[in-house]
Amino acid sequence: MGRLVRTEGLTDEQEEILKLVRQFVEKEILPVATDLEHKDEYPTDIVEGLKELGIFGLMIPEEYGGLGESLLTYALVVEEIARGWMSVSGVINTHFIVAYMLMQHGTEEQKQKYLPKMATGEVRGAFSMSEPSLGSDVSAVSTKATKVDDGYEITGQKMWLTNGGSSTLVAVLCKTDEGADSVYRNMTTFLIEKEPGFGETAQGVTIPGKIDKMGYKGIDTTEMILEKHQISADQVLGGEPGKGFYQMMDGVEVGRVNVGARAVGIANRAFELGVAYAQQRETFGKPIAQHQAVLFRIAEMATKVETAHSMVVRAARLKDAGERMDVEAGMAKMVASEYCNEVVEASFRIHGGYGYSKEYEIERLYREAAFMLIGEGTSDIQKMIIGRSLLKDYKL
Ligand SMILES: Cc1cc2nc3c(=O)[nH]c(=O)nc-3n(C[C@H](O)[C@H](O)[C@H](O)COP(=O)(O)OP(=O)(O)OC[C@H]3O[C@@H](n4cnc5c(N)ncnc54)[C@H](O)[C@@H]3O)c2cc1C
């Protein structure tokens, strides 16, 4: 383990989990990641290994079959996994958000029904807010759930479902008519069950196919078409309609810590590759690390990795302590994702022309880093959240 991205004050159990995950990443992920990514191949063996390690149930309470670990443990595990291959952390992220939403907002019946199977990875979660015409502006959700007899009928189109094909349980934000005067209180989260795969995966639920992306390959990102999907009222998250927006925002808040952690993982790997290459490549009679411009680049990269890691850890610790962390999660996500892109670009520059070759890992990281700027809200949206919250706290 290198000098960067260390965390003080961890328990023996946390250290043990991280050690196991680190070994798994070294042995099972890093040697195959770039090849699988270039082939856009689903990492089936890696996912099975994660199941065995208990990663799908990391934060699920022990009474529901999980390991009952903290958000901090989760974030540190994600940093390690993303250091190996960011797409693999994407496999567990939407699953983790759905499990978290169930833990926080589900009825006891819903928890009993889903959490034990989610802990083993038998049930796999995806979450769906975005639509073709909206991502940042969640208030514009148009997928409509209409009340019928003892349930609802849902029609609409969803976009950008990470794990849309491989998941079997999708938390879907829909518009419902609760007669509330605020658009936010006229939204409901439904727990839609479906088969894995593509085509019609449940009555009125079609997953057309994988979206072809520039990076974040290997795992499936899809659309979802809902055509008069019939769903019973007990599939409303928490049993009560009109709370969906707030439930989703709660899920996205911890998701921001997750994306921050992923960004730290990618940046850490980019640093490692850059600092190694800089000592091997020689120009003008010496290793390029001995040219001050490159040395300074290394110093700046390391400082950014450390800053981002500290902010992710702080946000996770606040959440674990039961404190508000909207500002801190937004800051951590924004800083980690922006720094991740800067660090990856610096490492890419250190690699010279070879960085542009698919033979070098930095080429993959370059494409993966870009997604960190988008997922769980862009930096513009983080700034809106941070700024508005601070205006309330510092109100004159
Ligand atoms: C690979 C991938 C996987 C994804 N997975 C999921 C998923 O699993 N579930 C899900 O629900 N969604 C998912 N998304 C969607 C993602 O959350 C959105 O793409 C993201 O929130 C941005 O929304 P948008 O693409 O509609 O951009 P827009 O909202 O159209 O924004 C476009 C630009 O305008 C800026 N902007 C917008 N509003 C403002 C404002 N008020 N002030 C200043 N600037 C503004 C944005 O910052 C951005 O630069 C995924 C996206 C990708 C690419």
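Since every read-out is calculated from the coordinates, none of them should be taken as a lab result. Since this is a predicted model, take the numbers as computed values, not measurements. Positions of Cβ are backbone-derived with ideal geometry, glycine not excepted, and every protein chain shown enters the neighbour counts.
Here are the numbers for this structure:
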{"quantity": "Loop sites in region 157-255: chymotrypsin sites (Phe, Trp or Tyr not before Pro), DSSP, at most 15 other Cβ within 10 Å", "calculated": "Phe198"}
{"quantity": "Spatially close lysines, pair count over region 12-120: Cα under 21 Å, gap of eight or more or interchain", "calculated": "7"}
{"quantity": "Region 327-396 and region 93-150: distance between their alpha carbon centers, rounded to Å", "calculated": "26 Å"}
{"quantity": "Relative contact order (percent, whole number), the chain, Cα cutoff 8 Å, 6+ residue spacing", "calculated": "16 percent"}
{"quantity": "Mean Cα-pair separation over length for region 246-394, i.e. relative contact order, pairs under 8 Å, 6 or more apart, %", "calculated": "32 percent"}
{"quantity": "Cβ-based charge dipole, region 246-394, positive-most Cα from Gly265, Ala369, Ile350", "calculated": "Ile350"}
{"quantity": "Around Ile386: net Lys/Arg minus Asp/Glu count, Cβ-Cβ under 12 Å", "calculated": "+1"}
{"quantity": "Qualifying GluC sites (Glu not before Pro) in region 335-390, DSSP loop, other Cβ atoms within 10 Å at most 13", "calculated": "Glu359"}
{"quantity": "Inter-site label distance for Ala293 and Arg388 at 7 Å from Cα along Cβ, in nm", "calculated": "4.4 nm"}
{"quantity": "Residue-span extension gain [Arg6 to Glu227] - 0.36 nm each, minus C-alpha spacing", "calculated": "74.7 nm"}
{"quantity": "Equivalent ellipsoid semi-axes - Cα gyration tensor, the chain, angstrom", "calculated": "37, 22, 20"}
{"quantity": "Cut-off 11 Å between beta-carbons: net charge of the residues surrounding Glu227, Lys and Arg +1, Asp and Glu -1", "calculated": "-1"}
{"quantity": "Helical contribution to [θ] at 222 nm, DSSP H n ≥ 4, -39,500 (n - 2.57), averaged over the chain, rounded to 500", "calculated": "-17000 deg cm²/dmol"}
{"quantity": "Nearest-20 debye value, the chain charge dipole, Cβ charges on Lys, Arg, Asp, Glu", "calculated": "1160 debye"}
{"quantity": "Magnitude of the charge dipole, region 125-242, Cβ model with Lys/Arg +1 and Asp/Glu -1, debye to 20", "calculated": "400 debye"}
{"quantity": "Spin-label pair Gln23/Asp35, simplified geometry with 7 Å Cα→Cβ offset, distance in nm", "calculated": "2.3 nm"}
{"quantity": "Contact order relative to length of region 12-120, as percent, for alpha carbon pairs under 8 angstrom and 6 or more apart", "calculated": "32 percent"}
{"quantity": "Cβ crowding within 10 Å averaged over residues, with 75-82, 150-157 ranked highest first", "calculated": "75-82, 150-157"}
{"quantity": "Square roots of five times the Cα gyration tensor eigenvalues for region 108-237, Å", "calculated": "23, 19, 14"}
{"quantity": "Percent antiparallel among DSSP beta bridges (both partners in the chain, rounded to 5)", "calculated": "85 percent"}
{"quantity": "Value of Rg/Rh across region 12-120 [Cα atoms, Kirkwood radius]", "calculated": "0.99"}
{"quantity": "Cβ-based charge dipole, the chain, positive-most Cα from Gly125, Leu71, Phe190", "calculated": "Leu71"}
{"quantity": "Under 28 Å from Lys383, Cα to Cα: lysines that are on another chain or at least 8 residues apart", "calculated": "Lys158, Lys175, Lys213, Lys243, Lys304, Lys319, Lys333, Lys392, Lys395"}
{"quantity": "Angle between the chain longest axis and helix 379-393 axis [Cα atoms, degrees, rounded to 10]", "calculated": "70 degrees"}
